[in-house]
Amino acid sequence: MKALRVMSVVGARPNFMKIGPLVRAIQDHNDRASTEGRRLLDHYLVHTGQHYDPAMSQSFFGSLDIPEPDVNLSVGSGTHAEQVGRTMIAFEKVVSEWKPDWVVVVGDVNATCACSITAKKERVNVAHIEAGLRSFDLTMPEEINRMVTDRLSDLLFTPDEFADLNLRDEGVPESRIKRVGNIMIDTLEQNLPTAEAIRIESILQESLIAPIGSRVLGFEDREFAVLTLHRPSNVDDPDVLIPLVRFLIDKLSVSLPMIWTLHPRTRKQLERFGLWEAVASCDRIFLVEPLGYLQMLRLNLGARLLLTDSGGLQEECCVTGTPCITLRENTERPVTLRENGGVCALAGNEVSRIEKVMAEQMELPRRQCRPPLWDGVTSRRVVEELSVL
Ligand code: UD1
């Protein structure tokens, strides 16, 4: 039996924790395939290079034990059209040379969309992991990426029933929709014991940007908040970012010291809008470099409250049980919301609403919740489906 040629793609930070388990599940499958008389999967990993800082990219390959990519397209930053265009041009060459039977894309970043379009034009089948998520908000670049990718995909691996319903509503044939669960939870399960053993102080000692020289001893679990922020809608508009930062300095950090992991986009905008000095000199706000996966998971496990505009962190909070304030007007992950059994509450980016939601979320006990099939073995189900194609 000829091996099935599978090319998978990563581009930006949130992709790495989704591709790690897939690579391992393919290796496990191949280890057993010959004795079980099953089809081998020949795997080739492409990194588009959308994220390129070591802290945004390379550190994840080491800590999540992902093999070096077979090729890095080094597309780097740029406008959306530049990123997508450069990715398509470079990816077309790789596809036409390696000739995969399937291209597997994950998530909703520019790499996901660019590579699915290119693969289809090269008449290669596309499988999308994390298919069917919809915020119904076309001002979000990721929503466009999700819609285009799903429309072109031959196999749509979904994380939950909301995603299945969205795809059915769009007329996707039932035979293409495969509910497999959330592949990112595989990574979380595999890394939980290692993350639990990390000390919060050591994270701060290694990654603290400001306040410089501050005392980082004595951080107790449940006595701090964690913030991540990177969406253009939250950080690119001074009318949004300035009041938000004032709220963090004057109110939130006064109730709870806060660890803020800084995305490069956000750091640039804080500097551009003249906010850097005020944040960096606040002795209750601990600014840290973008963290590795294990360090971020450790902060999540210890936080009393997590505020974020990241989709992945909302999902991780459900499994860790940390009350989460989602700094967005909508979410493509409704399964994470309190009204659907999750731990997240939508708060937008307007200060009075965030304050109200914060008061409610502070009252909540930690409560873990796990939608069906978020069980740590999603990658095995994906590989099972691919191996019978
Ligand atoms: C991208 C994804 C988003 C994901 C996020 C996680 C798209 C459309 N967006 O947004 O879905 O949630 O990643 O991080 O694909 N930069 C660096 N170093 C890096 C990477 C980026 O300095 O390693 C800078 C870039 O120069 C740019 C800014 O950060 O100015 C934004 O990077 P970009 O890749 O355009 O988008 P993200 O906001 O990271």
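The values are calculated or read from the model by the stated rules, or taken from the named source; none is laboratory data. Just so it is clear, the structure is predicted and the values come from calculations on it, not from any experiment. Counting neighbours? That spans all protein chains shown, and the Cβs are built from the backbone with ideal geometry, glycine included. These area figures cover heavy atoms from the full protein model, side chains too; ligands, DNA and RNA do not enter into them. Shrake-Rupley method; radii C 1.70, N 1.55, O 1.52, S 1.80 Å.
Considering only segment 56-92, how many residues are out of contact with any Gly (no Cβ under 6 Å at 6 or more places or on another chain), touching a residue at least 60 places away in the same chain (Cβ under 8 Å) and surrounded by 19 or more Cβ atoms within 10 Å (Cβ to Cβ)?
3
Which pairs do you get when a residue that is under 13 Å from residue 297 (Cβ atoms), found in segment 316-328, comes within reach of a residue that is of a type in the set (Phe, Trp, Tyr), reach meaning Cβ atoms under 8 angstrom, with the pair 6+ apart or on two chains?
319/374
Take residue 28 and tell me if it is surrounded by fewer than 17 Cβ atoms within 10 Å (Cβ to Cβ), within 12 Å of the ligand (Cβ to nearest atom) and at pLDDT 95 or above.
Taking the combined requirement at face value, the residue does not satisfy it.
Among the residues of segment 163-195, which ones are in contact (Cβ under 8 Å) with a residue 40 or more places away in the chain and of a type in the set (Lys, Arg)?
Of everything in segment 163-195, those that are in contact (Cβ under 8 Å) with a residue 40 or more places away in the chain and of a type in the set (Lys, Arg) turn out to be 178, 179.
Just to be sure I understand, how many residues within segment 243-278 are of a type in the set (Ser, Thr, Tyr), open to solvent by less than 10 Å² (accessible area, probe 1.4 Å) and within 15 Å of the ligand (Cβ to nearest atom)?
Matching residues across segment 243-278 total 1.
Just give me the residues in segment 332-367 being over 17 Å from residue 307 (Cα atoms) and not acidic (Asp, Glu), in sequence order.
Across segment 332-367, the qualifying residues are 335, 340, 341.
I need the full set of residues from segment 256-301 which are part of a helix (DSSP H, G or I), of a type in the set (D, E, K, R) and in contact (Cβ under 8 Å) with a residue 24 or more places away in the chain, in order please.
Narrowing segment 256-301 to residues part of a helix (DSSP H, G or I): 264-272, 276-280, 293-301.
Within this subset, residues satisfying the condition of being of a type in the set (D, E, K, R) are 265, 267-268, 271-272, 277, 298.
Scanning segment 256-301 gives 265, 298.
Let's see how each residue does on (1) among the acidic types (Asp, Glu); (2) modelled with pLDDT of 95 or more:
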site: 277; (1), (2): yes, yes
site: 283; (1), (2): yes, no
site: 292; (1), (2): no, yes
site: 315; (1), (2): yes, yes
site: 330; (1), (2): no, yes
site: 341; (1), (2): no, yes
site: 345; (1), (2): no, yes
site: 356; (1), (2): no, yes
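Any residue in segment 228-240 that's farther than 9 Å from residue 266 by Cα and within 14 Å of the ligand (Cβ to nearest atom): show its pairings with residues that are open to solvent by 60 Å² or more (accessible area, probe 1.4 Å) and in a loop (DSSP other than H, G, I, E, B) at Cβ separation under 8 Å, as long as the two are six or more apart or on different chains.
Sorted first by the residue in segment 228-240, then by its partner, the pairs are 233/139.
Going by what's in this entry, would residue 216 be described as open to solvent by less than 30 Å² (accessible area, probe 1.4 Å), under 21 Å from residue 262 (Cβ atoms) and part of a loop (DSSP other than H, G, I, E, B)?
Yes: the conditions hold for residue 216.
Of the residues that make up segment 115-125, is at least one within 16 Å of the ligand (Cβ to nearest atom), surrounded by 24 or more Cβ atoms within 10 Å (Cβ to Cβ) and within 20 Å of the chain's Cα centre (by Cα)?
Applying the first criterion (within 16 Å of the ligand (Cβ to nearest atom)) to segment 115-125 yields 115-118.
So of that shortlist, the ones also surrounded by 24 or more Cβ atoms within 10 Å (Cβ to Cβ) come out as 115-116, 118.
Cutting the leftovers down to within 20 Å of the chain's Cα centre (by Cα) gives us 115-116.
Yes, segment 115-125 contains a residue that is within 16 Å of the ligand (Cβ to nearest atom), surrounded by 24 or more Cβ atoms within 10 Å (Cβ to Cβ) and within 20 Å of the chain's Cα centre (by Cα).
Looking at (1) farther than 25 Å from residue 79 by Cβ; (2) open to solvent by 20 Å² or more (accessible area, probe 1.4 Å); (3) in contact with a helix residue (DSSP H, G or I) (Cβ under 8 Å, 6 or more places away or on another chain); (4) among the aliphatic types (A, V, I, L, M), which is the one condition that is false for residue 240?
(1)
Collect the residues in segment 355-389 that are over 21 Å from residue 4 (Cβ atoms) and outside any loop (DSSP other than H, G, I, E, B), keeping them in residue-number order.
If the condition is that a residue be over 21 Å from residue 4 (Cβ atoms) and outside any loop (DSSP other than H, G, I, E, B), then 355, 356, 357, 358, 359, 360, 361, 362, 363 are the ones that fit.
Listed here are the residues, each with its yes/no results for (1) open to solvent by 60 Å² or more (accessible area, probe 1.4 Å); (2) in contact (Cβ under 8 Å) with a residue 60 or more places away in the chain; (3) in contact with a Lys or Arg (Cβ under 6 Å, 6 or more places away or on another chain).
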| residue | (1), (2), (3) |
| --- | --- |
| 358 | no, yes, no |
| 367 | yes, no, no |
| 377 | no, yes, no |
| 387 | no, yes, yes |
